[in-house]
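Heads up: the structure comes next, in structure tokens.
The values are calculated or read from the model by the stated rules, or taken from the named source; none is laboratory data. Nothing here was measured: the structure is a model prediction, and the numbers come from that model. Cβ atoms come from the backbone with ideal geometry, glycine included; neighbour counts cover every protein chain shown.
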Amino acid sequence: MSRRERFANDAASTLDGQIDAAVTSLDVISAADFPAEGDFRIVVDNEIMLVTGVSSNTFTVVRARENTTGVTHGDGVSVIQIITVGGLQRYVRDGVSLFNDSALPKSNYLVDDADAVLTASNFTAVNQGTSTLTDYNSGGLLLFVPGPSATSVRFYKRAAPTPAYTLTAQIPRWIMPRDVGLDQGSTFGIGLRDASGVKLLLLSFAVSGQICVSKMTSPTVWDSDVAAIEIGISSPLWLQIEDNTTNHIFRYSVDGQNWLTLLTQSRTNWLATPDEIGLHGNILAEDADGQVVFSTWIEE
């Protein structure tokens, strides 16, 4: 599911053509000695780059990594794979698997689309009330929402990556109250936000055993559920939103590998500019405080 740090011995080549300070792909004379796919680190002159894709002799790269600067590089300069502090830290994180099963996605792994580690400080509250988002002591983010918040969603946002992208989140632990007389339940999940118009499109799960996609005209005004399904809520639970530049695709999973699609709809439906992503929670008027842990957050 997520990218992995990769290594090779004595991987080196030279640039096949000059590149400027901003391009995100480069050609080498031969990629034969490099890993066959991303991610790995290269140094060109003094600039460290993260290679995220390999196609023949073309590398897709993220420029200016690990406090280096993107500059112009001339034709024929050396391109060398190197081991860096960032690469080693990433490798260690790659080695932490849920339930120690190497086939499963990584837990305690929160990164943006450039593989920078995220903490609670990277999210900004919208309609916060007295809710809190804090760094969880064993890894992840702890979202606490005091009850009741009724239809008010406590949303913690950050800028969305440039489409196409996929946001994947894991929720392994939660305490969610439920009044047994209710058909609905308090909800937590991930979502999209239109920063200019404040509309929300949320992928949520409820303690009542429902996963749904909901429209909100603002963080305090619910509009409608556009898709919903009753399931037996399991722990952990995985949620995913993909923006492929044409559609938004909303998925859920019990293992982070085998996904079920709840809804596919045009990315222009409801949200004029879905330029923010985030996590959220709300507590019904009849319910008490609730909290969940987001142990995985991967933008890629």
task: Please indicate, with yes or no, whether at least one residue in segment 57-80 is closer than 30 Å to Val254 by Cα, surrounded by 14 or more Cβ atoms within 10 Å (Cβ to Cβ) and not assigned by TED's automatic domain parsing to the domain that holds Gly256.
output: no
- prompt: What number of residues within segment 1-19 are in contact with an Asp or Glu (Cβ under 8 Å, 6 or more places away or on another chain), touching a residue at least 40 places away in the same chain (Cβ under 8 Å) and part of a loop (DSSP other than H, G, I, E, B)?
  reply: 9
query: Are any residues in segment 223-248 over 16 Å from the mean Cα position of the chain (by Cα), modelled with pLDDT of 85 or more and polar (S, T, N, Q), and if so, which ones?
result: Ser224, Thr245, Thr246, Asn247
message: Checking the structure you have, find out if any residue of segment 249-261 is part of a strand (DSSP E or B), within 15 Å of Lys157 (Cα to Cα) and modelled with pLDDT of 85 or more.
response: no
field: Looking only at segment 253-266, and only at residues there that are buried (at least 19 other Cβ atoms within 10 Å of the Cβ) and not hydrophobic (A, V, I, L, M, F, W, C), the one that is farthest from Val213 (Cα to Cα)
entry: Gly256
query: Quick one: which of Trp270, Trp222 is of a type in the set (Phe, Trp, Tyr) and not in a strand (DSSP E or B)?
result: Trp270
